[in-house]
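Enquirer: What follows is a single structure, and I will ask about it in a moment.
The values are calculated or read from the model by the stated rules, or taken from the named source; none is laboratory data. Note that the coordinates shown come from a computational prediction; the quantities given were computed from them, not determined experimentally. Methodologically, a virtual Cβ is constructed for each residue, glycine included, from the backbone with ideal geometry; neighbour enumeration extends over all protein chains shown.
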Amino acid sequence: MVWRIARVEIQDASQLRTGIAGAKVSSSKTSLVSSMAAKYNAVIAISGDYYANDPAKTSFEYRMGQKIRNKTNRVKDILIIDENGDFHTFIKSDKDKLEAFSAAGHEIINAFTFGPALVSEGTLLTCDTGYGYNPNGKEPRMAIGQMGALSYVLVLAEGRNKDSEGVTHQELADFMYDLGCLEAFNLDGGNTATMVFGDGYYQTGRTATNERTQSDCIYFATTVDPSAWSK
């Protein structure tokens with residue numbers, strides 16, 4: 001296996017952001033993650049959940065505080081990132097837990113319906129073998145995890161090439177737990193799984209010329225004033 005791992009520490013929750021391909025969250029426009037990373041001046045960017053891939057789907061999606069859809073799905077897990085940059089996972093879109101989250105006065109900054117959740121409240125989860133996205137197959141996978149306050153890890157498991165066959169959902173969960181994640185979530189994988197860091201491009205051993213267009217990305221921004229950036 002080839003693993004691409006990025007550990008990220010930020011000073012403020014506002015540095016954890018999402019970017020979209022179109023001008024509005026309702027747009028079905030798609031773009032390359034590398035292009036979105038350049039557009040938003042991202043330090044590092046990864047693929048999200050490609051929410052525009054099936055516009056009619058029942059899902060819970062927010063981007064930078066803007067609601068796209070807030071329909072729950074009884075077979076899919078949800079990841080919500082709140083105003084403090086903290087992760088909250090909701091197994092099978094747990095309505096009671098969602099209501100408790102809302103009652104606690106939290107703000108939804110970003111929310112994703114994909115999954116499965118891999119680690120929740122520091123506990124390694126047993127992944128549902130009937131979950132979507134070929135849970136038991138060896139596939140390229142993209143995951144994001146929270147290690148602590150304003151501390152995160154991005155993990156790309158490469159696959160479908162001679163050097164790396166990919167992982168199952170459970171193997172990805174085990175890996176994220178072993179890294180020390182308190183919360184971890186599987187994002188869109190397969191040919192969608194992409195990580196862009198500076199001039200580096202990573203996607204299942206492919207080159208940037210084979211990059212797949214997507215509706216959205218997750219990225220981290222610098223607090224350094226743009227006027228002080230190295231030219």
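Enquirer: Can you tell me which residue among Ala6, Ala111, Ala45 is part of a strand (DSSP E or B), of a type outside the set (Val, Ile, Thr) and touching a helix residue (DSSP H, G or I) at 6+ places or on another chain (Cβ under 8 Å)?
Expert: After applying the criteria, what remains is Ala45.
Enquirer: Next question. Need the failing condition index for Thr129 against (1) within 20 Å of Lys57 (Cβ to Cβ); (2) in a loop (DSSP other than H, G, I, E, B), just the number.
Expert: (1)
Enquirer: So Pro116 fits all but one of (1) at pLDDT below 95; (2) touching a Cys at 6+ places or on another chain (Cβ under 9 Å); (3) not acidic (Asp, Glu); what number is the exception?
Expert: Evaluating Pro116 over (1) at pLDDT below 95; (2) touching a Cys at 6+ places or on another chain (Cβ under 9 Å); (3) not acidic (Asp, Glu) leaves (1) as the failure.
Enquirer: Within the range 28-60, which residues are free of Cβ contacts under 8 Å to residues at least 40 places away in the same chain and over 25 Å from Glu139 (Cβ atoms)?
Expert: Ala38, Lys39
Enquirer: From the residues in the range 68-82 that are at pLDDT below 95 and in a strand (DSSP E or B), which one is surrounded by the fewest Cβ atoms within 10 Å (Cβ to Cβ)?
Expert: Asn70
Enquirer: Those residues that are small (Gly, Ala, Ser), loosely packed, with under 13 Cβ neighbours inside 10 Å and touching a residue at least 24 places away in the same chain (Cβ under 8 Å), I need them from the range 1-25; list them, please. Outline the logic, then answer.
Expert: Step one: list which residues in the range 1-25 are small (Gly, Ala, Ser), which gives 6, 13-14, 19, 21-23.
Remaining after also requiring loosely packed, with under 13 Cβ neighbours inside 10 Å: 23.
Once the filter is applied, which keeps residues that are small (Gly, Ala, Ser), loosely packed, with under 13 Cβ neighbours inside 10 Å and touching a residue at least 24 places away in the same chain (Cβ under 8 Å), the range 1-25 yields nothing.
Enquirer: What number goes with the only condition from (1) out of contact with any helix residue (DSSP H, G or I) (no Cβ under 6 Å at 6 or more places or on another chain); (2) over 21 Å from Phe87 (Cβ atoms) that Tyr201 does not pass?
Expert: (1)
Enquirer: Tell me which of these Phe101 doesn't satisfy, since it passes every other one: (1) part of a strand (DSSP E or B); (2) surrounded by fewer than 21 Cβ atoms within 10 Å (Cβ to Cβ); (3) of a type in the set (Phe, Trp, Tyr).
Expert: Going through (1) part of a strand (DSSP E or B); (2) surrounded by fewer than 21 Cβ atoms within 10 Å (Cβ to Cβ); (3) of a type in the set (Phe, Trp, Tyr) one by one, Phe101 breaks only (1).
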